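Structure first, commentary second.
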Amino acid sequence: MDVKVTDVETVEFKTYGTVHFTRWGYQYDFFGPRYEVTSSLTKIVADDGVEGVCIGGAKPVTDRWIKPLLVGEDPLDREKLWQWMYSLTRWRVSEGLIGVIDMALWDLAGKYFNVPAYKLLGGFRDRVKAYASSGPNLGTPEDYANHAEQCKKQGYKGYKIHPYIFYDPVRKQPCPDTRTFPEQDIAVCKVVRERVGDDMVLMYDPWTVGSGGGYNLEEAVWVGRELEKLNFAWFEQPLLEDRIDPYVKLCSELKIPVLAPEMSGGSFFTRAEWILRRAADIIRMECSFSGITAAKKCVDLCEAFGVKCELHGGGFGHLQILGATSPKLCEWYERGLLGPTYDYEKPNPPLKKICDPMDGDGNVLIPQSPGLGMEIDWDYIEENKVEH
């Protein structure tokens with residue numbers, strides 16, 4: 001098999017977002033008005049005409065660092081190329097960009113061998129159980145309960161609550177991330193549990209971001225114990241992740257599994273440290289931390305230590321990993337973010353179809369077309385291309 005990379009190209013194009021940003025730097029009204037953004041797509045071309053693509057990328061960095069590294073190399077040597085790229089994180093290349101390039105290489109490999117990427121990873125299942133992941137600040141506890149009940153009727157077996165984030169539910173106005181509202185957050189959890197009953201799995205994620213966000217340790221212990229009374233499945237990223245010791249203490253205080261780290265860089269290397277320190281009961285990982293190659297390494301690491309791993313967010317890459325993994329190790333697929341006024345089933349351009357259609361029994365179907373399974377509207381990209 002003699003195949004070589006001939007080109008690596010990142011195309012930028014205009015599209016739109018749906019998040020309303022505030023002066024605090026993040027969203028308090030997640031389902032706000034649309035606004036125009038510049039998005040990108042990265043394409044890796046082989047000399048036999050096979051192309052691997054992935055949404056995302058950074059054109060200047062790719063042209064300067066990634067393209068010279070890959071052109072002339074065998075695109076099927078994904079492990080070697082991943083090792084080369086990861087060595088560049090000390091310079092100018094982010095883990096997120098490595099993730100995009102790595103997923104494009106997996107897409108190319110799947111197309112080269114005419115199989116879904118998860119078959120190359122080692123196939124296990126063609127569908128995975130999904131939970132509905134709510135947007136933050138949906139309204140009153142009753143509003144959350146209405147939404148959870150609606151999701152249950154759609155077939156979801158699980159529902160995750162993102163509570164009041166960068167928002168004051170007492171004054172009903174935005175607020176900086178130094179404020180938290182644990183009592184109001186738990187009020188949402190209680191009403192949702194009462195509405196959906198004990199047969200729906202519930203998760204809780206206070207979405208800790210920012211330099212001062214998240215609960216302090218005392219608040220997190222109190223919230224965790226309240227969640228235990230309500231039989232929640234996990235407590236996700238309740239503290240800032242730049243300090244591991246509070247997580248070690250929190251895990252020792254609570255019976256409910258603590259799911260972390262979510263935002264920490266360092267790919268699977270960081271997750272190994274969290275396992276060894278017993279700073280999390282379930283490990284969080286995603287393809288943004290250096291791609292499918294790195295995320296699969298993390299899943300295998302968790303299996304070796306007897307620790308569950310739940311992938312953060314949805315996407316084509318995560319579906320391929322889940323298709324190659326036992327549900328005993330990675331049980332859920334996160335489908336969202338969802339809200340009562342948001343049409344999740346409508347694909348955002350340039351995708352022709354969403355990555356994660358769901359069956360009537362609450363399962364997301366793993367794409368069966370070669371590679372990652374993306375169907376790209378190339379006419380849309382061409383019509384909205386940003387020229388430099």
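The values are calculated or read from the model by the stated rules, or taken from the named source; none is laboratory data. Computed from a prediction, not measured in an experiment: that's the story for all the values here. Please note: Cβ atoms are built from the backbone with ideal geometry, for glycine as well, and neighbour counts cover all protein chains shown. Areas reflect the complete protein model, heavy atoms only, side chains present, ligands, DNA and RNA absent. Shrake-Rupley method; radii C 1.70, N 1.55, O 1.52, S 1.80 Å.
Pairs linking a residue in the stretch 305-318 that is closer than 14 Å to Arg127 by Cα to a residue that is modelled with pLDDT under 95 and open to solvent by 20 Å² or more (accessible area, probe 1.4 Å), with Cβ atoms under 8 Å and 6 or more positions apart or on different chains, are Gly314/Gly336.
Within the stretch 80-92, track down each residue that is more than 16 Å from Val61 (Cβ to Cβ) and open to solvent by 40 Å² or more (accessible area, probe 1.4 Å). Answer for the stretch 80-92, where residues must be more than 16 Å from Val61 (Cβ to Cβ) and open to solvent by 40 Å² or more (accessible area, probe 1.4 Å): Lys80, Gln83. Across the stretch 1-48, the number of residues qualifying as within 25 Å of Ile98 (Cβ to Cβ) and either at pLDDT 80 or above or in contact with a Lys or Arg (Cβ under 7 Å, 6 or more places away or on another chain) (or both) comes to 25. Whether any residue in the stretch 245-259 is farther than 25 Å from Cys151 by Cα and assigned to a strand (DSSP E or B) is what I want to check. The answer is no, given that none of the residues of the stretch 245-259 is farther than 25 Å from Cys151 by Cα and assigned to a strand (DSSP E or B). The C-beta contact set for the stretch 93-113 (first residue surrounded by fewer than 24 Cβ atoms within 10 Å (Cβ to Cβ), second residue acidic (Asp, Glu) and not in a helix (DSSP H, G or I), distance under 8 angstrom, 6+ apart or interchain) comprises Lys111/Glu51; Tyr112/Asp48. Being touching a residue at least 24 places away in the same chain (Cβ under 8 Å), within 24 Å of Leu276 (Cα to Cα), touching a Gly at 6+ places or on another chain (Cβ under 6 Å) and not in a helix (DSSP H, G or I) is a property that holds for Thr208.
None of Glu219, Glu149, Glu183 is open to solvent by 30 Å² or more (accessible area, probe 1.4 Å), free of Cβ contacts under 8 Å to residues at least 12 places away in the same chain and either farther than 24 Å from Val307 by Cβ or touching a strand residue (DSSP E or B) at 6+ places or on another chain (Cβ under 8 Å) (or both) except Glu183. Test Arg271 against the stated conditions and say whether it is outside any helix (DSSP H, G or I), on the phi < 0 side of the Ramachandran plot and of a type in the set (D, E, K, R). No: the conditions fail for Arg271.
Taking the listed residues Gly139, Gly57, the one that is out of contact with any Phe, Trp or Tyr (no Cβ under 9 Å at 6 or more places or on another chain) and within 30 Å of Tyr167 (Cα to Cα) is Gly139, with no other qualifying.
Listed here are the residues, each with its yes/no results for (1) within 14 Å of Gly315 (Cα to Cα); (2) surrounded by 12 or more Cβ atoms within 10 Å (Cβ to Cβ); (3) under 18 Å from the mean Cα position of the chain (by Cα); (4) not hydrophobic (A, V, I, L, M, F, W, C).
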site	(1), (2), (3), (4)
Gly336	yes, yes, yes, yes
Tyr344	yes, yes, yes, yes
Pro349	no, yes, no, yes
Gly360	no, no, no, yes
Asn363	no, yes, yes, yes
Pro370	no, yes, no, yes
Asp377	no, yes, no, yes
Ile381	no, yes, no, no
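Selection of the stretch 114-143 for residues being in contact with a strand residue (DSSP E or B) (Cβ under 8 Å, 6 or more places away or on another chain) and open to solvent by less than 40 Å² (accessible area, probe 1.4 Å) yields Pro116, Ala117, Val128, Ala130, Tyr131, Ala132, Ser133, Ser134, Gly135, Pro136, Asn137. In the stretch 152-180, the residue that is least open to solvent (accessible area, probe 1.4 Å) out of those that are over 19 Å from Glu334 (Cβ atoms) and assigned to a strand (DSSP E or B) is Asp168. Looking at Leu240, Leu254, Leu276, Leu301, just one residue is open to solvent by 20 Å² or more (accessible area, probe 1.4 Å), in contact with a Gly (Cβ under 6 Å, 6 or more places away or on another chain) and of a type in the set (A, V, I, L, M, F, W, C), and that residue is Leu240.
Among the residues making up the stretch 279-298, a single one is among the basic types (Lys, Arg) and open to solvent by less than 30 Å² (accessible area, probe 1.4 Å): Arg284. Elements of the type strands (runs of 3 or more DSSP E) sitting completely within the stretch 278-388 and holding at least 2 residues that are charged (D, E, K, R) and closer than 30 Å to Pro246 by Cα: these cover 308-311, 332-338. Note on the stretch 257-273: among residues that are among the polar types (S, T, N, Q) and in contact with an Asp or Glu (Cβ under 8 Å, 6 or more places away or on another chain), the one that is surrounded by the most Cβ atoms within 10 Å (Cβ to Cβ) is Ser267. Number of residues in the stretch 186-204 that are open to solvent by less than 70 Å² (accessible area, probe 1.4 Å) and among the charged types (D, E, K, R): the value is 1.
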